[in-house]
Amino acid sequence: MGRRSGRTASHWGSYLVRTEGDEVVEVRGTGQDADPSPIGRNYVGALRHPARIRRPAVRLGWLRDGPGPSGDRGADPYVEISHDEALDLVAGELDRVRGRHGNEAIFGGSYGWGSAGRFHHAQSQVHRFLNAIGGYTRSVNTYSHAAEEVVLPHIVGNREWFLRSVTRWPEVAEHTRLVVAFGGLPRRSVQVNPGGVGAHLNARWQDACAEAGVEFVVVGPSRDDSAAALRASWLPLRPHTDVAMMLAMAHTLLEEGRYDRYFVQHCCVGFEHFARYLRGDIDGIAKTPRWAARICDVAEAAIVELARRLAATRSLITLTWSLQRQHHGEMTYWAGIALAAMAGSMGRPGGGIGTGFSSMHNAHVHDRFSAAAALPQLERAVPTFIPVSRISDMLLNPGQSFDYNGATQRYPDIKLVYWVGGNPFHHHQDLNRLLTAWQRPDTVVVHEPFWNSMAKHADIVFPVATSLEREDFALGVGDPWLTAMDQVATAPEGVVTDYEIFSALARRLGAGDRFTEGRTANQWVRELYERTVETCAAMDIALPDYDTFRTIGGVEIPMRWAGPVAFATLRQDPSAHPLTTPSGKIELFSDTVAGFGYDDCPGYPCWLEPAEWLGSPLAARYPLHLLSVQPDTRLHSQFDHGPLSREGKAGEREQIRLNPKDAADRGLGEGDLVRVFNQRGACLAVVTLSEGLRVGVAQLPTGAWYDPACPGEVGSLDKHGNPNVLTLDIGTSKLAQGPVAHTCLVEVELFTGAPPPVTAHEPPILLSPPSPAAPAVHPALRRSTR
Ligand SMILES: Nc1nc2c(c(=O)[nH]1)N[C@H]1C(S)=C(S)[C@@H](COP(=O)(O)OP(=O)(O)OC[C@H]3O[C@@H](n4cnc5c(=O)[nH]c(N)nc54)[C@H](O)[C@@H]3O)O[C@H]1N2
Ligand SMILES: Nc1nc2c(c(=O)[nH]1)N[C@H]1C(S)=C(S)[C@@H](COP(=O)(O)OP(=O)(O)OC[C@H]3O[C@@H](n4cnc5c(=O)[nH]c(N)nc54)[C@H](O)[C@@H]3O)O[C@H]1N2
Ligand SMILES: [Mo]
């Protein structure tokens with residue numbers, strides 16, 4: 001049996017991997033990472049798992065009937081075909097759609113994390129390919145922090161600059177006395193960093209802050225959203241009421257005259273308007289601590305006391321990204337910035353405000369520059385776009401107009417969906433609505449290594465090599481470690497890389513040279529490395545040549561601290577150092593946003609009731625606020641069939657965390673199988689109890705592969721515990737149109753029926769021709785464009 005070992009890099013860290021017979025048998029940390037993430041263990045046994053896709057496959061109904069809307073996506077069996085047949089089918093269909101409907105009818109947004117690796121990066125591959133053949137409708141912004149991406153430029157100007165210059169953990173340890181963490185600082189999230197993390201340091205920096213005597217206050221529904229070592233105190237606020245609490249803190253500082261008069265008057269615009277809103281001059285409601293206490297369920301005295309402490313010392317407000325993955329999520333960030341502007345620490349080392357401190361490994365650990373070259377995505381030939389999480393809206397409402405950041409846009413009429421390196425049947429909200437929308441296009445093409453929920457809803461599936469089965473190199477966002485990725489296993493016979501598939505399709509469509517520029521995959525990897533060397537050389541950083549780099553396996557690029565902390569120069573001299581906002585200052589009132597006239601996003605931070613929360617009438621029917629948090633044991637849906645992910649479940653099902661009181665009220669105990677449900681859907685999950693979770697809140701991590709009891713049926717019970725059958729699919733507001741995954745009420749009850757077995761990690765029914773059940777290819781599809 002062939003044995004190999006080598007180095008790999010992933011979004012959850014770098015590892016030394018050993019394989020036998022092209023299966024992973026051992027995963028170890030590298031010497032450079034003193035604290036490797038256990039998520040790496042999910043590789044063990046994953047490559048040759050029965051869930052592996054080994055041959056191209058076509059949905060039976062598509063093969064029989066040809067392209068067109070269908071009610072059977074998710075329900076049909078698949079017919080395995082040869083690689084050449086699959087390439088001919090897909091090339092023919094791309095050609096038909098672009099010829100008859102124009103390239104705008106191809107949706108290639110293809111959102112998703114894919115794998116680490118600069119060259120084989122799935123997004124770059126698919127976008128380059130689709131641009132090479134005439135373009136596609138794309139998506140903008142992210143599921144992670146869409147609201148922030150759109151609203152921050154209106155408030156503080158250039159977002160990249162802001163993120164880059166927010167104070168970092170080392171400065172927090174040195175200067176900060178008090179950290180008020182809205183949404184906490186969950187440790188599970190810092191295992192991960194997009195594109196790679198050479199050494200896990202974030203948790204160590206957090207601990208160093210605690211050792212230095214920094215005091216932490218977690219404001220949020222979950223006490224264990226911070227590590228025990230931080231000895232944080234906990235204010236268990238009702239989910240989605242942070243804005244009310246922030247406004248009341250701001251009201252306290254205003255009424256008690258404890259606010260930073262200089263900063264709000266000279267470095268901000270709109271403070272007078274905000275102050276009038278706080279006092280109740282605009283809507284007749286003063287935003288007093290008493291007012292807020294009724295909304296957020298934090299005691300009035302605790303709100304007042306926290307506000308006073310915030311202003312009395314060098315303080316830092318941190319906001320998790322989750323706080324804007326909610327209805328009106330723009331407002332949480334705006335209110336947080338307004339409070340920080342008043343609190344006196346803005347523009348001072350270790351002070352002010354920062355986002356995502358514990359949402360991603362490299363947020364505020366290193367400087368954020370990235371030297372790594374990327375695969376060029378070629379010229380964008382089609383201007384059409386949607387905000388990423390409006391996908392169901394787009395598919396259901398072709399031609400309809402929608403608002404986005406001050407402009408009116410139009411949804412295109414999509415005929416072909418092409419998805420590579422992402423999983424909407426993991427990431428999107430209200431999967432039953434998505435399933436309905438997903439039946440509308442003519443054709444869905446997917447590249448996947450595994451038969452997950454994404455592959456099971458495609459018309460044509462190309463099996464692809466994983467990152468362990470190809471050569472590449474990695475450099476994560478804001479990470480100093482350049483890591484060689486070795487090919488440690490050979491993909492199953494006939495399984496190739498995304499690049500090889502796209503190269504073959506491009507050749508069939510007359511764009512072969514444009515896509516490949518005459519390079520093989522490994523020549524591209526070398527080329528991108530050499531471009532990275534050049535970028536670094538221009539910054540006086542010497543990197544080894546490519547062959548030496550591959551031999552040593554990894555190299556650390558020295559990082560430099562950026563300039564002064566955010567808003568330091570603004571504080572010093574606002575007219576000499578303006579921000580890139582229209583006023584040059586922090587906009588506590590934005591004429592631009594106000595000018596858009598959006599009822600769901602006024603031009604200043606204010607409390608707007610979310611569509612669903614514990615204070616809404618719907619809570620009488622669905623009295624638990626569901627937080628579908630990031631999973632501890634995997635990244636999203638990736639390697640859900642791996643050992644660590646499966647050990648995190650109970651009886652193969654995802655666990656839902658409840659407060660013991662909520663469980664007792666429903667006669668539930670630890671380990672009970674429950675049905676979690678609301679007006680949109682239902683799933684099964686296993687109860688786990690925790691005093692660390694506030695009463696009225698349920699936590700169900702994302703990522704269990706969607707596993708409907710009746711495949712293809714809208715509203716079917718998900719057997720596995722995927723929270724997105726329950727979540728709400730609306731935009732944050734007309735401004736950002738971001739996803740609102742955390743805005744969701746549910747009820748939980750004991751499941752009394754016979755528990756249906758979980759089949760998420762099993763392949764669908766596969767028919768291999770010649771077989772009487774596999775029909776002849778539809779004549780219209782016989783056409784080859786070669
Ligand atoms: N309810 C709820 N939903 C959420 C969230 C939430 O908080 N709550 N969070 C959201 C957030 S922040 C995000 S970022 C999204 C994440 O959503 P996604 O990024 O879509 O999730 P992943 O599971 O990482 O999907 C990556 C897919 O790419 C495949 N893949 C990996 N490498 C390759 C490759 O080289 N080639 C190809 N062809 N495929 C590859 C994997 O098998 C996997 O299916 O989820 C969002 N969804
Ligand atoms: N292990 C692991 N780490 C990951 C990921 C993963 O899949 N696995 N995904 C990565 C990705 S793509 C992203 S974008 C980040 C996301 O990072 P985050 O957005 O920070 O992560 P979440 O788990 O969604 O939420 C963090 C915490 O916010 C709290 N919270 C939720 N709603 C509210 C609220 O209304 N108010 C308050 N005060 N608190 C609230 C919840 O208790 C939750 O534990 O994580 C990254 N890190
Ligand atoms: Mo994300």
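The values are calculated or read from the model by the stated rules, or taken from the named source; none is laboratory data. The shown structure was predicted, so the numbers you read here are calculated from the model rather than taken from an experiment. Quick reminder, even Gly has a Cβ in these numbers, built from the backbone with ideal geometry, and neighbours come from all protein chains shown. Side chains included, ligands, DNA and RNA excluded: accessible areas come from the protein's heavy atoms. Shrake-Rupley method; radii C 1.70, N 1.55, O 1.52, S 1.80 Å.
Structure notes:
- Between residue 407 and residue 580, the FRET efficiency estimated from the beta carbon spacing at R0 = 25 angstrom works out to 0.80.
- Spatial separation of Cα centroids for the stretch 43-81 and the stretch 366-423, in angstrom: 26 Å
- Other residues whose C-beta falls under 12 angstrom from the C-beta of residue 52 contribute a net charge of -3, scoring Lys and Arg +1 and Asp and Glu -1.
- Ranked by how many other beta carbons lie within 10 Å on average, peptides 550-559, 229-238, 37-46 from highest: 37-46, 229-238, 550-559
- Global size of the stretch 621-765: 14.8, 46 Å for Rg and Dmax (C-alpha atoms, Rg to one decimal, Dmax whole).
- Along its three principal directions, the equivalent ellipsoid of the chain from the Cα gyration tensor extends over semi-axes of 42, 30, 26 Å, largest first.
- Helix 242-255 and the longest principal axis of the Cα set of the chain meet at an angle near 20°.
- Residue-wise HN-Hα coupling along the stretch 122-132, computed from phi with Karplus coefficients 6.51, -1.76, 1.60 (Hz; x: Gly, Pro): 4, 4, 4, 4, 6, 5, 5, 4, 5, 5, 5
- Rounded accessible area per residue of the chain, 1.4 Å, Å²: 33 Å²
- Extension gain, residue 599 back to residue 670 (0.36 nm per residue minus Cα-Cα distance, nm): 21.2 nm
- Basic side chains Lys and Arg get +1 at the Cβ, acidic Asp and Glu get -1 at the Cβ, and with that the dipole of the stretch 139-228 about its Cα centre reaches some 100 debye.
- The stretch 486-508-the stretch 148-186 distance, computed between alpha-carbon centres (Å): 41 Å
- Computed FRET value (nearest 0.05) for residue 18 with residue 608, which takes r as the C-beta separation and R₀ as 56 Å: 0.55
- The calculated pair-distance distribution of the stretch 1-77 uses every alpha carbon pair, bins of 10 angstrom beginning at 0, and gives 17, 32, 19, 18, 13, 1 percent.
- Helix 300-312 axis, angle to the chain major axis (alpha carbon atoms, nearest 10°): 90 degrees
- Summed residue charge, Cβ within 12 Å of residue 675's Cβ, Lys/Arg positive, Asp/Glu negative: -1
- Charge dipole (the stretch 534-583, unit charges on Cβ, about Cα centre) - positive-most of 554, 576, 542: 576
- Calculated from backbone phi, Karplus (6.51, -1.76, 1.60) coupling profile of the stretch 503-517 in Hz, x at Gly/Pro: 4, 5, 5, 4, 4, 5, 9, x, 10, x, 5, 4, 6, 8, 6
- Sulfur and carbon atoms: percent of accessible area, the chain [1.4 Å]: 50 percent
- Note on residue 380 and residue 82: the model spin-label points, each 7 Å out from Cα along the C-beta direction, lie 4.1 nm apart.
- As a ratio to 2.2 N^0.38 Å, the alpha-carbon radius of gyration for the stretch 176-274 is 1.33.
- Using only the C-alpha atoms, the convex hull of the stretch 25-159 corresponds to 218 Å³ per residue.
- Contour excess over end-to-end distance, with Cα ends at residue 212 and residue 281 and 0.36 nm allotted per residue: 20.5 nm
- The stretch 406-461: Cα Rg divided by the 2.2 N^0.38 Å rule of thumb: 1.22
- Net charge contributed by nearby residues that have their C-beta within less than 13 Å of residue 285 (K/R +1, D/E -1): +2
- 12 Å tail of the calculated P(r), the stretch 33-73, as % of Cα pairs: 74 percent
- Sorting 680-691, 629-640 by their mean Cβ neighbour count within 10 Å, with the most densely packed peptide first, gives 629-640, 680-691.
- Peptides 55-67, 340-352 ranked from most to least packed by the mean count of surrounding Cβ atoms within 10 Å: 340-352, 55-67.
- Pairs from 287/734; 456/661; 661/719 whose Cα-Cα separation, in the structure shown, is over 31 Å: 456/661
- Structure-based [θ]222 nm, the chain - -39500 (n - 2.57) summed over DSSP H runs of at least 4, per residue, nearest 500: -8000 deg cm²/dmol
- Distance from the stretch 238-270 to the stretch 683-708 (C-alpha centre basis), Å: 35 Å
- Scaling against 2.2 N^0.38 Å puts the C-alpha radius of gyration of the stretch 292-436 at 1.44.
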